[in-house]
1. What does the charge count around C236 come to, taking other residues whose C-beta lies under 13 Å from its C-beta (Lys +1, Arg +1, Asp -1, Glu -1)?
2. Of the peptides 130-143, 226-239, how do they stack up when ordered by the mean number of other Cβ atoms within 10 Å, highest first?
3. Given R₀ = 30 Å, FRET efficiency for L216-L248 by Cβ-Cβ distance, to 0.05?
4. Rank by packing, highest mean first: peptides 159-168, 63-72, with packing defined as the count of other Cβ atoms within 10 Å averaged across residues.
5. Grab the other residues whose beta carbon is less than 13 angstrom from that of A65, score K and R as +1, D and E as -1, and report the net.
6. Please name which of V45, A144, L83 has its Cα lying farthest along the dipole of the stretch 41-149 towards the positive end, using unit charges on Cβ (Lys, Arg +1; Asp, Glu -1) and the Cα centre as origin.
7. With N set to the number of residues, divide the alpha-carbon radius of gyration of the stretch 157-253 by 2.2 N^0.38 Å and report two decimals.
8. Calculated FRET efficiency, S115 and D137, Cβ-Cβ r, R0 30 Å, to nearest 0.05?
Amino acid sequence: MTGGAARKPGTATRRPPGPAGPGRQRTGGQREAVPSPTAAADAAVAAWQDYLAAARQLDGVRRAAAAAAGEQARSVQEAREELTEVRARLAAQQTRLRERGVPPISLVPSPPELSEEARAMAGGPATVLAALRGARDRLDSADAALVARHPLRPASWSARPRNLLVYGPLAVLVPLIQVVVYVATGAGPATVAALICGLPMPAVAFVAGWLGVGRLFPPAQGGRVDRTPRFGALVCLVPAVLVTAGLLLAMLAG
């Protein structure tokens with residue numbers, strides 16, 4: 001045979017594998033998984049909702065913490081004010097009880113009582129404030145009991161009736177002297193002199209009453225004495241005006 005070795009019948013000629021062309025299709029195992037647009041959008045929406053829920057929860061925690069801090073600050077301020085008032089009233093009650101013969105040792109809390117109250121105060125400012133308000137209520141009850149047992153004690157009266165005991169005698173002293181002078185001498189120079197000298201006496205009586213109220217009814221520790229200045233001025237002025245007007249009319253009529 002010419003041109004090479006003879007080929008066996010029925011044998012196919014093998015060709016070398018060539019490179020895969022652009023039009024060649026991949027098998028099912030070689031395909032890449034590509035997510036669909038709907039699944040990606042759902043995942044983004046779920047992530048955004050989770051973020052919003054976490055942000056709302058964080059904002060709620062922040063608001064609750066701020067409210068708790070503000071409430072605690074208000075409780076601390078109110079507790080300080082209550083403590084100042086309770087201390088002042090306790091000092092005043094101690095003074096009044098000592099004046100009535102109560103031993104000083106009975107007015108001081110014992111160590112077990114202090115330990116029990118210290119344990120009760122461990123609950124924070126709100127607990128302390130509630131305890132101080134309870135102490136103020138007990139102080140009110142004690143004051144009411146003291147007043148009920150001593151109704152004739154002027155220091156336990158209200159301000160105006162109590163101060164009237166000071167302003168009243170001073171207010172009627174000079175007008176009474178003027179009336180006595182008029183009865184004794186008649187409408188003469190002595191009565192005129194008494195009327196002239198009595199013109200500034202209401203102011204003098206008011207000043208003396210102002211000082212007397214502070215001396216006779218001293219305030220509690222940290223408090224102020226109620227001198228009722230308008231009421232005192234009226235009490236000192238009315239008797240002087242009435243007596244002066246009456247004496248003038250009597251002198252003119254005589």
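1. Combined, the nearby Lys, Arg, Asp and Glu give +2.
2. The densest-packed peptide leads the list: 226-239, 130-143.
3. 0.30
4. For the peptides 159-168, 63-72, the packing ranking is 159-168, 63-72.
5. The answer is 0.
6. A144
7. Relative to the rule-of-thumb radius for its length, the stretch 157-253 sits at 1.26.
8. It comes to 0.85.
FYI, it's all coordinate maths here, none of it is from the lab. Everything numeric in this text was worked out from a predicted model, so none of it was measured. Neighbour counts are summed over all protein chains in view; Cβ atoms, including those assigned to glycine, are modelled from backbone coordinates with ideal geometry.
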